[in-house]
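As C-alpha coordinates, the structure follows; a few thoughts come after it.
The values are calculated or read from the model by the stated rules, or taken from the named source; none is laboratory data. Worth saying up front: this structure is predicted, and the values here are computed from it rather than measured. Every residue, glycine as well, gets a Cβ built from its backbone with ideal geometry; the counts of neighbours run over all protein chains shown. Accessible surface is based on the protein model in full, side chains and every heavy atom, while ligands, DNA and RNA are left aside. Shrake-Rupley method; radii C 1.70, N 1.55, O 1.52, S 1.80 Å.
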Amino acid sequence: MAGHAATTDTAAISVRGLHKSFGPLAVLKGVDLEVARGEVVCVVGPSGSGKSTLLRCVNLLEEPTAGTVRVAGVEVTHPDCDIDGVRRRIGMVFQSFNLFGHLSVLQNVMIAQRRVLRRPAAVARRIARENLDRVGLAEKADAYPAQLSGGQQQRAAIARSLAMNPELMLFDEPTSALDPELVGEVLAVMRSLADEGMTMMVVTHEMGFAREVADRVAFMDGGAIVESGPPAAVLGSPRQARTREFLHRVLQQ
Ligand SMILES: Nc1ncnc2c1ncn2[C@@H]1O[C@H](COP(=O)(O)OP(=O)(O)OP(=O)(O)O)[C@@H](O)[C@H]1O
Ligand SMILES: [Mg+2]
(Lines give C-alpha, C1' and ligand atoms only; values in the text may rest on other atoms or scores of the structure.)
(Ligands and ions follow the chains in the order given, each with its own letter.)
Protein backbone atom coordinates (compact mmCIF):
# COMPACT_ATOMS: atom_id res chain seq x y z
CA MET A 1 0.00 0.00 0.00
CA ALA A 2 1.12 3.52 -0.75
CA GLY A 3 1.65 4.83 2.72
CA HIS A 4 4.73 6.83 1.90
CA ALA A 5 6.35 9.16 -0.61
CA ALA A 6 3.31 11.36 -1.09
CA THR A 7 4.69 14.15 -3.23
CA THR A 8 2.62 16.75 -5.01
CA ASP A 9 3.15 14.98 -8.33
CA THR A 10 1.67 11.70 -7.24
CA ALA A 11 -0.79 13.06 -4.70
CA ALA A 12 -4.49 12.49 -5.21
CA ILE A 13 -5.15 15.26 -2.70
CA SER A 14 -2.70 17.91 -1.59
CA VAL A 15 -3.77 20.48 0.98
CA ARG A 16 -1.32 23.27 1.88
CA GLY A 17 -1.67 25.97 4.48
CA LEU A 18 -5.44 25.68 4.46
CA HIS A 19 -7.36 28.22 6.49
CA LYS A 20 -11.11 28.50 6.70
CA SER A 21 -13.09 31.00 8.71
CA PHE A 22 -16.82 31.51 9.01
CA GLY A 23 -17.05 35.20 9.75
CA PRO A 24 -14.98 35.74 12.87
CA LEU A 25 -14.79 32.00 13.64
CA ALA A 26 -11.47 30.49 12.53
CA VAL A 27 -12.23 26.80 11.93
CA LEU A 28 -9.18 25.60 9.98
CA LYS A 29 -5.91 27.13 11.06
CA GLY A 30 -3.28 25.98 8.62
CA VAL A 31 -3.89 22.40 7.56
CA ASP A 32 -1.33 20.48 5.47
CA LEU A 33 -2.32 17.05 4.25
CA GLU A 34 -1.42 14.83 1.35
CA VAL A 35 -3.25 11.72 0.24
CA ALA A 36 -1.36 9.60 -2.28
CA ARG A 37 -3.10 7.68 -5.04
CA GLY A 38 -4.47 4.45 -3.63
CA GLU A 39 -4.00 5.59 -0.08
CA VAL A 40 -6.66 5.47 2.64
CA VAL A 41 -6.40 8.32 5.13
CA CYS A 42 -8.73 8.42 8.11
CA VAL A 43 -9.31 11.77 9.81
CA VAL A 44 -10.32 11.50 13.44
CA GLY A 45 -10.82 14.05 16.19
CA PRO A 46 -13.31 15.66 18.53
CA SER A 47 -16.58 17.22 17.44
CA GLY A 48 -16.07 20.73 16.12
CA SER A 49 -12.37 20.23 15.34
CA GLY A 50 -12.96 20.99 11.64
CA LYS A 51 -12.97 17.50 10.07
CA SER A 52 -16.05 18.04 7.92
CA THR A 53 -14.91 21.52 6.96
CA LEU A 54 -11.57 20.10 5.80
CA LEU A 55 -13.29 17.41 3.74
CA ARG A 56 -15.69 19.93 2.23
CA CYS A 57 -12.81 22.20 1.25
CA VAL A 58 -11.36 19.37 -0.87
CA ASN A 59 -14.22 19.58 -3.36
CA LEU A 60 -14.96 23.23 -2.66
CA LEU A 61 -18.29 22.68 -0.97
CA GLU A 62 -16.62 25.21 1.32
CA GLU A 63 -14.41 27.88 -0.12
CA PRO A 64 -11.08 28.11 1.69
CA THR A 65 -10.14 31.46 3.19
CA ALA A 66 -6.44 30.88 2.42
CA GLY A 67 -4.17 28.11 1.23
CA THR A 68 -4.27 25.74 -1.70
CA VAL A 69 -6.05 22.50 -2.43
CA ARG A 70 -4.97 20.29 -5.33
CA VAL A 71 -6.91 17.27 -6.50
CA ALA A 72 -5.10 14.96 -8.94
CA GLY A 73 -2.73 17.79 -9.76
CA VAL A 74 -5.46 20.36 -10.43
CA GLU A 75 -5.48 23.35 -8.12
CA VAL A 76 -9.15 23.61 -7.20
CA THR A 77 -8.51 26.83 -5.30
CA HIS A 78 -7.29 28.55 -8.47
CA PRO A 79 -9.85 31.10 -9.70
CA ASP A 80 -9.82 29.61 -13.22
CA CYS A 81 -10.40 26.04 -12.07
CA ASP A 82 -13.24 24.12 -13.68
CA ILE A 83 -14.59 22.97 -10.35
CA ASP A 84 -17.50 21.04 -11.83
CA GLY A 85 -15.02 19.05 -13.87
CA VAL A 86 -12.98 18.25 -10.78
CA ARG A 87 -16.04 17.43 -8.67
CA ARG A 88 -17.05 14.85 -11.25
CA ARG A 89 -13.85 12.97 -10.40
CA ILE A 90 -14.60 12.94 -6.67
CA GLY A 91 -17.19 10.76 -4.97
CA MET A 92 -18.61 12.00 -1.70
CA VAL A 93 -20.61 10.06 0.85
CA PHE A 94 -22.16 11.83 3.81
CA GLN A 95 -23.78 10.77 7.03
CA SER A 96 -27.22 11.30 5.48
CA PHE A 97 -27.84 9.38 2.30
CA ASN A 98 -30.01 11.88 0.39
CA LEU A 99 -31.54 9.28 -1.88
CA PHE A 100 -34.57 10.40 -3.86
CA GLY A 101 -37.57 8.83 -2.15
CA HIS A 102 -39.73 8.78 -5.28
CA LEU A 103 -37.12 6.89 -7.30
CA SER A 104 -36.18 3.23 -7.05
CA VAL A 105 -32.70 2.29 -5.89
CA LEU A 106 -31.73 1.55 -9.49
CA GLN A 107 -33.04 4.92 -10.66
CA ASN A 108 -31.20 6.65 -7.82
CA VAL A 109 -27.95 5.11 -9.04
CA MET A 110 -28.73 6.01 -12.66
CA ILE A 111 -29.83 9.62 -12.39
CA ALA A 112 -26.51 11.43 -12.08
CA GLN A 113 -24.97 9.15 -14.68
CA ARG A 114 -27.73 10.24 -17.05
CA ARG A 115 -27.79 13.94 -16.18
CA VAL A 116 -24.14 14.68 -15.46
CA LEU A 117 -22.25 12.12 -17.55
CA ARG A 118 -24.96 11.93 -20.27
CA ARG A 119 -24.75 8.16 -20.39
CA PRO A 120 -27.46 6.45 -22.44
CA ALA A 121 -30.11 4.75 -20.29
CA ALA A 122 -28.98 1.22 -21.15
CA VAL A 123 -25.37 2.01 -20.20
CA ALA A 124 -26.37 3.80 -16.99
CA ARG A 125 -28.61 0.87 -16.04
CA ARG A 126 -25.85 -1.66 -16.60
CA ILE A 127 -23.34 0.36 -14.59
CA ALA A 128 -25.94 0.91 -11.85
CA ARG A 129 -26.56 -2.83 -11.60
CA GLU A 130 -22.82 -3.57 -11.52
CA ASN A 131 -22.33 -1.15 -8.65
CA LEU A 132 -25.38 -2.32 -6.72
CA ASP A 133 -23.93 -5.79 -7.01
CA ARG A 134 -20.59 -4.46 -5.77
CA VAL A 135 -22.22 -3.20 -2.55
CA GLY A 136 -24.35 -6.32 -2.12
CA LEU A 137 -27.66 -4.75 -3.14
CA ALA A 138 -28.39 -6.49 -6.45
CA GLU A 139 -31.75 -7.75 -5.22
CA LYS A 140 -32.87 -4.32 -4.00
CA ALA A 141 -32.57 -2.56 -7.36
CA ASP A 142 -36.32 -2.12 -7.72
CA ALA A 143 -37.02 -1.26 -4.08
CA TYR A 144 -37.62 2.31 -2.91
CA PRO A 145 -35.34 3.90 -0.30
CA ALA A 146 -38.05 3.80 2.38
CA GLN A 147 -38.12 0.02 2.00
CA LEU A 148 -34.42 -0.29 2.87
CA SER A 149 -32.59 -0.32 6.19
CA GLY A 150 -30.25 2.56 6.94
CA GLY A 151 -27.25 0.39 6.14
CA GLN A 152 -28.75 -0.61 2.80
CA GLN A 153 -29.55 3.03 2.01
CA GLN A 154 -25.99 4.03 2.75
CA ARG A 155 -24.69 1.21 0.55
CA ALA A 156 -27.00 2.44 -2.21
CA ALA A 157 -25.53 5.93 -1.76
CA ILE A 158 -22.03 4.46 -2.10
CA ALA A 159 -23.10 2.62 -5.27
CA ARG A 160 -24.48 5.90 -6.63
CA SER A 161 -21.10 7.52 -6.06
CA LEU A 162 -19.16 4.60 -7.53
CA ALA A 163 -21.30 4.59 -10.66
CA MET A 164 -19.72 7.94 -11.55
CA ASN A 165 -16.27 6.26 -11.72
CA PRO A 166 -14.65 8.58 -9.18
CA GLU A 167 -10.87 8.73 -8.91
CA LEU A 168 -11.17 9.29 -5.20
CA MET A 169 -13.81 9.07 -2.54
CA LEU A 170 -14.50 11.34 0.40
CA PHE A 171 -16.51 9.93 3.30
CA ASP A 172 -17.87 12.05 6.13
CA GLU A 173 -18.92 9.80 9.01
CA PRO A 174 -20.81 7.46 6.71
CA THR A 175 -21.86 5.17 9.56
CA SER A 176 -22.65 7.58 12.37
CA ALA A 177 -26.39 7.81 11.58
CA LEU A 178 -26.74 4.02 11.56
CA ASP A 179 -27.95 1.65 14.22
CA PRO A 180 -24.91 -0.19 15.59
CA GLU A 181 -25.86 -3.50 14.01
CA LEU A 182 -25.85 -1.89 10.54
CA VAL A 183 -22.43 -0.24 10.79
CA GLY A 184 -20.49 -3.38 9.90
CA GLU A 185 -22.05 -3.91 6.47
CA VAL A 186 -21.17 -0.36 5.37
CA LEU A 187 -17.62 -0.61 6.73
CA ALA A 188 -17.25 -3.92 4.89
CA VAL A 189 -18.10 -2.21 1.59
CA MET A 190 -15.60 0.56 2.36
CA ARG A 191 -12.96 -1.99 3.24
CA SER A 192 -13.46 -3.77 -0.08
CA LEU A 193 -13.10 -0.44 -1.90
CA ALA A 194 -9.85 0.15 -0.07
CA ASP A 195 -8.68 -3.35 -1.03
CA GLU A 196 -9.44 -2.54 -4.68
CA GLY A 197 -7.06 0.41 -4.43
CA MET A 198 -9.55 3.28 -4.22
CA THR A 199 -8.08 6.51 -2.87
CA MET A 200 -10.13 7.39 0.20
CA MET A 201 -10.27 10.20 2.73
CA VAL A 202 -12.53 9.10 5.54
CA VAL A 203 -13.73 11.12 8.50
CA THR A 204 -14.79 8.53 11.02
CA HIS A 205 -15.36 7.75 14.66
CA GLU A 206 -14.81 4.06 13.93
CA MET A 207 -11.38 3.53 15.46
CA GLY A 208 -11.38 -0.18 14.61
CA PHE A 209 -11.88 0.65 10.94
CA ALA A 210 -9.18 3.32 11.04
CA ARG A 211 -6.76 0.95 12.68
CA GLU A 212 -7.36 -1.90 10.25
CA VAL A 213 -7.98 -0.15 6.94
CA ALA A 214 -6.19 3.20 7.00
CA ASP A 215 -2.70 3.61 5.62
CA ARG A 216 -2.51 6.78 7.66
CA VAL A 217 -4.53 8.40 10.43
CA ALA A 218 -4.63 12.17 10.93
CA PHE A 219 -5.79 13.42 14.31
CA MET A 220 -7.38 16.88 14.19
CA ASP A 221 -8.05 19.18 17.09
CA GLY A 222 -8.86 22.87 17.14
CA GLY A 223 -8.63 23.29 13.37
CA ALA A 224 -5.20 21.74 12.92
CA ILE A 225 -3.73 18.30 12.36
CA VAL A 226 -2.05 17.57 15.65
CA GLU A 227 -0.40 14.36 14.56
CA SER A 228 -0.55 11.91 11.69
CA GLY A 229 1.08 8.65 10.77
CA PRO A 230 0.45 4.93 10.54
CA PRO A 231 -2.59 3.86 12.55
CA ALA A 232 -0.53 1.69 14.87
CA ALA A 233 1.51 4.75 15.84
CA VAL A 234 -1.20 7.41 16.06
CA LEU A 235 -3.82 5.18 17.65
CA GLY A 236 -1.51 2.73 19.40
CA SER A 237 1.18 4.98 20.85
CA PRO A 238 0.26 8.62 20.20
CA ARG A 239 2.97 11.18 20.82
CA GLN A 240 0.72 14.13 21.60
CA ALA A 241 -1.19 14.51 24.86
CA ARG A 242 -4.27 15.76 23.02
CA THR A 243 -4.37 12.61 20.90
CA ARG A 244 -4.05 10.44 23.99
CA GLU A 245 -6.87 12.31 25.75
CA PHE A 246 -9.13 11.99 22.72
CA LEU A 247 -8.47 8.27 22.33
CA HIS A 248 -8.96 7.72 26.02
CA ARG A 249 -12.37 9.40 25.79
CA VAL A 250 -13.61 7.61 22.66
CA LEU A 251 -12.35 4.20 23.66
CA GLN A 252 -14.14 4.44 27.01
CA GLN A 253 -17.53 4.83 25.30
N1 LIG B 1 -21.37 26.89 7.52
C2 LIG B 1 -20.90 27.20 8.73
N3 LIG B 1 -21.10 28.41 9.26
C4 LIG B 1 -20.60 28.73 10.49
N5 LIG B 1 -19.88 27.89 11.25
C6 LIG B 1 -19.65 26.66 10.77
C7 LIG B 1 -20.15 26.24 9.49
N8 LIG B 1 -19.76 24.96 9.28
C9 LIG B 1 -19.06 24.60 10.36
N10 LIG B 1 -18.98 25.61 11.26
C11 LIG B 1 -18.29 25.58 12.56
O12 LIG B 1 -16.98 25.12 12.32
C13 LIG B 1 -16.51 24.32 13.38
C14 LIG B 1 -16.01 22.99 12.83
O15 LIG B 1 -17.13 22.30 12.27
P16 LIG B 1 -16.97 20.91 11.52
O17 LIG B 1 -18.33 20.53 11.08
O18 LIG B 1 -15.92 21.00 10.51
O19 LIG B 1 -16.48 19.99 12.73
P20 LIG B 1 -16.33 18.41 12.79
O21 LIG B 1 -14.95 18.14 13.26
O22 LIG B 1 -16.76 17.81 11.51
O23 LIG B 1 -17.34 18.01 13.96
P24 LIG B 1 -18.31 16.71 14.11
O25 LIG B 1 -17.43 15.59 14.59
O26 LIG B 1 -19.30 17.13 15.15
O27 LIG B 1 -18.94 16.45 12.78
C28 LIG B 1 -17.67 24.21 14.35
O29 LIG B 1 -17.47 25.14 15.39
C30 LIG B 1 -18.86 24.58 13.52
O31 LIG B 1 -19.88 25.15 14.31
MG1 LIG C 1 -18.34 16.60 10.92
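Put simply, the amide H of G67, placed in the peptide plane, has neighbours under 5 Å in H19, leaving out anything fewer than 5 places away on its chain. Summing Lys and Arg as +1 and Asp and Glu as -1 over all other residues whose Cβ lies under 13 Å from the Cβ of E63 gives a net charge of +1.
Using heavy-atom solvent-accessible surface (probe 1.4 Å) with all chains present, what is the largest-first order of R155, R89, R126?
Working: R155 25, R89 75, R126 125 Å².
Output order, biggest surface exposure first: R126, R89, R155.
With the simple model of a label 7 Å out from the Cα in the direction of the Cβ, R239 to M207 spans 2.0 nm. The GluC sites (Glu not before Pro) of the range 150-253 that meet both conditions, a loop assignment by DSSP and at most 16 other Cβ atoms within 10 Å of the site Cβ, are E167, E196. Amide H to amide H, with H built 1.01 Å from N, L117 comes under 5 Å of no residue 5 or more places away or on another chain.
State the percentage of accessible surface on the range 51-162 attributable to carbon and sulfur atoms; use a 1.4 Å probe and exclude ligands, DNA and RNA. Kindly include the intermediate steps, with their values, before the conclusion.
On the way: 2470 of 5330 Å².
Carbon and sulfur atoms account for 46 percent of the accessible area of the range 51-162.
A 1.4 Å probe, protein heavy atoms only, puts the accessible area of V226 near 30 Å². Each residue of the range 212-222 is assigned a 3J(HN,Hα), and the resulting list reads 8, 9, 5, 7, 9, 10, 10, 9, 9, 8, x Hz, derived from the Karplus form 6.51 cos²θ - 1.76 cosθ + 1.60 (θ = phi - 60°), x at Gly and Pro.
Counting only protein chain heavy atoms and rolling a 1.4 Å probe, the accessible areas of I127, I225 rank, largest first, as I225, I127.
Based solely on its DSSP helices, what 222 nm [θ] is calculated for the chain when runs of n ≥ 4 H residues each add -39,500 (n - 2.57) and the sum is averaged over all residues, nearest 500 deg cm²/dmol?
Numbers: 8 runs with 86 residues, N = 253.
Using -39500 (n - 2.57) per qualifying helix, the result is -10000 deg cm²/dmol.
Accessible surface for D82 stands near 100 Å², nearest 10, in the context of the full protein assembly shown (1.4 Å probe).
The listed residues V250, V35, once ranked by accessible area (1.4 Å probe) with the largest placed first, stand as V250, V35.
Pairs of alpha-carbon atoms within less than 8 angstrom and 6+ residues apart define the contacts here; what relative contact order does the range 115-253 have, in percent?
Details: 121 pairs, mean separation 21.1, N = 139.
Relative CO of the range 115-253 lands at 15 percent.
In the chain, what % of DSSP beta bridges are antiparallel (nearest 5)?
Working: 21 of 38 bridges.
In the chain, DSSP labels about 55 percent of beta bridges as antiparallel.
Among the protein heavy atoms, those of R216 account for about 40 Å² of accessible surface (1.4 Å probe, every chain in place).
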